[in-house]
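Asker: Dropping a structure here in structure tokens format, bear with me for questions.
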Amino acid sequence: MKHIVSIEDLDKKSIMGILKRAKELLPVAKGNKKSKTLDGKILATCFFEPSTRTRLSFESAMQRLGGSCIGFADPSATSHLKGETLSDAIRMVAGYSDAVVLRHPREGSAKLASEVSDVPIINGGDGAGQHPTQTLLDLFTIKEEVGKLEGLKVGMLGDLRYGRTVHSLSQALDRFKTRFFFISPESLSMPEHVTDELENKWSTHETLNKILGKLDVLYVTRIQKERFPDIEDYKKVAGAYKIDAELLRNAKSKLKILHPLPRVSEISTDVDDTKHAAYFRQAFNGVPVRMALLEKLIRGNK
Amino acid sequence: MSGNLLKVQPIRNGTVIDHIEAGRGRKILDILELGNSGTTISLLINVQSKKQKRKDIIKVEDRELDENEIEKLALLSPSARVNIIRNYAVADKKIVDIPEFISDVVQCPNENCICNNERGATSNFSLVDNKSIQIQCTYCGRKIDEENINFL
């Protein structure tokens, strides 16, 4: 394995290997234990559009393993504006580093980068395309929170049409005998190109109430205002898909709620203190998972 | 076949594209821009055929199709057969197979795909389904069906 462009680049065995290593690395990720596995190695973080969470968790992961980081968080500081192509920029950066994390507004940019780079390319999000490390940390969170990945009943709620995290996560979870419940307004339902590929059972629902009691995991995504031409429609929909502590009384006691963050109002703050809330730990999990992935890519099978 | 021969004479040198799906001939002329080549082109529409009920035939004089053109042809009409004619005889039969990878032939419909936004980038597609003809962009993953294919 050389590049991580899409979650499809990882088979089930590789995914399980990364999750296992991520768990071993938890004390290092928390700063309770030191590691030098990537001593002297350099990670380049190339962010052609801003993403604080992804960039900082990669930089934290690299530094926790004894490596260091170079890069940029804003393309206005680069030759991009002078008209440099992505291919040229990647060839240059690959010469300065042992691996490259790329975030870019255009779909397919990580794939293009992987064709010209001598060092591993990690896709840190390409437009509306893929964001495989988000999927890995989501899988890790589910495994840690619920105790297993196989055979779970997983609800996905909110903007399922445009939310790339739920697309990739569905593809990945489909390898683990997941039963899917897709909960969204009709206008934001899961696209056919995702559901067509699913081997496991799935169903769509316009409301959460009836199925909430069945779920082991509820993955909530943000419904964006921009998707609605009429602000009143947005308010109605956003209100109808809001999760609060009162609603969760009907849930399994072990139900875990995940959210890629940032949230706006889709999860009420009164959920934060319940045993259901897993989203802050999920955000932290980006560090150990990215550590495991960086080790695997930079050190290879050593 | 003798009836057909009377309608359009054999060509001395060039390419005969036979067994084109009926009705596709004009599109093939357009997309391969055969009409611009300055040579004589004959298009036969709805010719009676044994293999198919009806077919189209294109005869291109003094010009042999290249591999890139044959790839396009494969996507336009997989049933087509290409015969290269030299001195009135079939000198070569080209196999019109939809290739597994289609490079620099089809435009990605996704405006935000990197292949439409990077100087020097080539479009690359892989064949997903060769029966219904569905291809997928190697970069952004967008899938397109036969009727939505736009050629470069």
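Asker: Among the numbered conditions (1) within 14 Å of chain B (Cβ to nearest Cβ); (2) open to solvent by 40 Å² or more (accessible area, probe 1.4 Å), tell me where A:HIS131 comes up short.
Answerer: Evaluating A:HIS131 over (1) within 14 Å of chain B (Cβ to nearest Cβ); (2) open to solvent by 40 Å² or more (accessible area, probe 1.4 Å) leaves (2) as the failure.
Asker: How many residues does segment A:1-45 contain that are in a loop (DSSP other than H, G, I, E, B), among the β-branched types (Val, Ile, Thr) and in contact with a Leu (Cβ under 8 Å, 6 or more places away or on another chain)?
Answerer: Residues that pass the stated criteria total 1.
Asker: Also, I was wondering about something else. Residues being among the charged types (D, E, K, R), open to solvent by 40 Å² or more (accessible area, probe 1.4 Å) and either closer than 20 Å to B:VAL90 by Cα or not in a loop (DSSP other than H, G, I, E, B) (or both): count how many of those fall in segment B:10-49.
Answerer: Residues that pass the stated criteria total 5.
Asker: Only residues that are within 11 Å of chain B (Cβ to nearest Cβ), touching an Asp or Glu at 6+ places or on another chain (Cβ under 7 Å) and either open to solvent by less than 10 Å² (accessible area, probe 1.4 Å) or not hydrophobic (A, V, I, L, M, F, W, C) (or both): list them for segment A:93-115, please.
Answerer: A:HIS104, A:PRO105, A:ARG106, A:GLU107, A:GLY108, A:SER109, A:ALA110
Residues checked against (1) within 14 Å of chain B (Cβ to nearest Cβ); (2) over 22 Å from A:SER6 (Cα atoms); (3) in contact (Cβ under 8 Å) with a residue 12 or more places away in the chain:
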site	(1), (2), (3)
A:LEU198	no, no, yes
A:LEU212	no, yes, yes
A:GLU232	no, yes, no
A:LEU248	no, yes, yes
A:LYS254	no, yes, yes
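Asker: Same structure, new question: Got a sec? Which helices (runs of 4 or more DSSP H) wholly within segment A:140-243 have at least 2 residues that are surrounded by fewer than 19 Cβ atoms within 10 Å (Cβ to Cβ) and of a type in the set (Asp, Glu)?
Answerer: Where helices (runs of 4 or more DSSP H) fall fully within segment A:140-243 and carry at least 2 residues being surrounded by fewer than 19 Cβ atoms within 10 Å (Cβ to Cβ) and of a type in the set (Asp, Glu), they are A:231-240.
Asker: If you don't mind, there's one more thing I want to ask. State all residues of segment B:71-97 that are open to solvent by 10 Å² or more (accessible area, probe 1.4 Å) and in a strand (DSSP E or B); if no residue qualifies, say none.
Answerer: Selection gives B:ARG81, B:ASN83, B:ILE85, B:ARG86, B:ALA89, B:VAL90, B:ALA91, B:ASP92, B:LYS93, B:LYS94.
Asker: Kindly indicate the residue of segment B:117-144 that is modelled with pLDDT of 90 or more and open to solvent by 60 Å² or more (accessible area, probe 1.4 Å) and also farthest from the other protein chains (Cβ to nearest Cβ) among those meeting that condition.
Answerer: The residue in question is B:VAL128.
Asker: Need the failing condition index for A:LEU294 against (1) assigned by TED's automatic domain parsing to the domain that holds A:LEU136; (2) in a helix (DSSP H, G or I), just the number.
Answerer: (1)
Asker: Further question on the same structure: All but one of (1) part of a helix (DSSP H, G or I); (2) open to solvent by 40 Å² or more (accessible area, probe 1.4 Å); (3) within 14 Å of chain B (Cβ to nearest Cβ); (4) in contact (Cβ under 8 Å) with a residue 24 or more places away in the chain hold for A:ASP88, so report the exception by its number.
Answerer: (4)
Asker: Also: Evaluate the following for B:ASN68: is it assigned to a strand (DSSP E or B) and away from chain A (no Cβ under 14 Å)?
Answerer: When the stated conditions are applied, B:ASN68 does not pass them.
Asker: Right, something else. The conditions are (1) open to solvent by less than 30 Å² (accessible area, probe 1.4 Å); (2) in contact with a strand residue (DSSP E or B) (Cβ under 8 Å, 6 or more places away or on another chain); (3) within 14 Å of chain A (Cβ to nearest Cβ), and B:ASN112 fails exactly one of them. Which is it?
Answerer: Answer for B:ASN112: the failing condition is (1).
Asker: I've got another one for you. Would you please name the residue that is surrounded by the most Cβ atoms within 10 Å (Cβ to Cβ), looking only at residues in segment A:247-272 that are part of a loop (DSSP other than H, G, I, E, B) and at pLDDT below 95? Even if it seems obvious, please write down each step before you answer.
Answerer: Of segment A:247-272, the ones part of a loop (DSSP other than H, G, I, E, B) are A:251-255, A:259-266, A:268, A:272.
Then keep just the ones that are at pLDDT below 95; that gives A:260-266.
Numbers: A:PRO260: 23, A:LEU261: 12, A:PRO262: 9, A:ARG263: 16, A:VAL264: 10, A:SER265: 13, A:GLU266: 18.
Taking the candidates together, the pick is A:PRO260.
Asker: When segment B:98-131 is examined, which residues are found to be polar (S, T, N, Q) and in a loop (DSSP other than H, G, I, E, B)?
Answerer: B:ASN110, B:ASN112, B:ASN117, B:THR122, B:SER123, B:ASN130
Asker: Which residues, counting only those in segment A:53-85, are touching a residue at least 12 places away in the same chain (Cβ under 8 Å), under 17 Å from A:PHE284 (Cβ atoms) and either charged (D, E, K, R) or not in a loop (DSSP other than H, G, I, E, B) (or both)?
Answerer: Within segment A:53-85, A:ARG53, A:THR54, A:ARG55, A:SER57, A:PHE58, A:GLU59, A:SER60, A:ALA61, A:MET62, A:ARG64 qualify.
The values are calculated or read from the model by the stated rules, or taken from the named source; none is laboratory data. Just so it is clear, the structure is predicted and the values come from calculations on it, not from any experiment. Because the Cβ atoms are built from the backbone with ideal geometry, glycine has one as well, and the counts that use them run over all protein chains shown. Side chains are part of the model used for accessible areas, which takes the heavy atoms of the whole protein and leaves out ligands, DNA and RNA. Shrake-Rupley method; radii C 1.70, N 1.55, O 1.52, S 1.80 Å.
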